[in-house]
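Data first, discussion second: the structure below is written as structure tokens.
A short reminder: the numbers here are calculations on the coordinates, not readings from a lab. Keep in mind it's a predicted model, so treat the numbers as computed, not measured. Cβ placement follows ideal geometry from the backbone for every residue including glycine, while neighbour counts extend to all protein chains displayed.
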């Protein structure tokens, strides 16, 4: 290889090395706050109402690090929304940092054993950030949904939004992360369509505050704050309602009492 060709060939490697170094630096930020996983599981609503059991699988978008109070996380907001019609049992098997393989290998079985009326899957962000090949992500995601749609009357999936807006990311990495997140979101959509499962919106004008409003982010500048989870809930509530409607119109919360 000539010196000129070697110089050209080294550029992608050099850029990749810089991005990798910056991503490591992003994770190792002792100057920022650090938060641990939380468990949103619980019961919501009058015990005399019909039981609605919702099982949630996924990553830190479910475990809500830095969200105070915990009732402000999207999973509990969603459970509380339906609690004026049902006695909602929310069961989380999610683990912060989980990737799609973790959900398939560990959480999927836990969810099936727990059982319930609806399973909600929220994973993909860590795969986008950590470079999981899109074709592998899609096939593994399919391996999650196939058993869940058999085990649960209703299944819903959360999209992955613009991770390039995460303030903690180095500027040089944001464009790559944005493209990766879009590709993961599209892969989720393809699998959801294949299994006739509703998917939440994750891109659009309603999510612009993630780029413009610092209050959307927790103190670690990586996870969403209570305000960010309010936007998650705005997407999750109609998602769960649609999944329940497809399963059994009598389970849907789309009546005037919930508006």
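So the values come out like this:
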| read-out | value |
| --- | --- |
| Contour excess over end-to-end distance, with Cα ends at residue 168 and residue 113 and 0.36 nm allotted per residue | 16.1 nm |
| Extension reserve of the residue 186-residue 230 stretch, reckoned as 0.36 nm per residue once the Cα distance is removed | 13.5 nm |
| Proxy reagent accessibility, fewest Cβ within 10 Å first, across 89, 143 | 143, 89 |
| Length added when fully stretched, residue 149-residue 193, from 0.36 nm per residue minus Cα-Cα | 14.6 nm |
| Packing-based exposure ordering (other Cβ within 10 Å, fewest first) of 41, 34, 200 | 34, 41, 200 |
| Ordering of 157-168, 102-113 by packing [mean C-beta count within 10 Å, highest first] | 157-168, 102-113 |
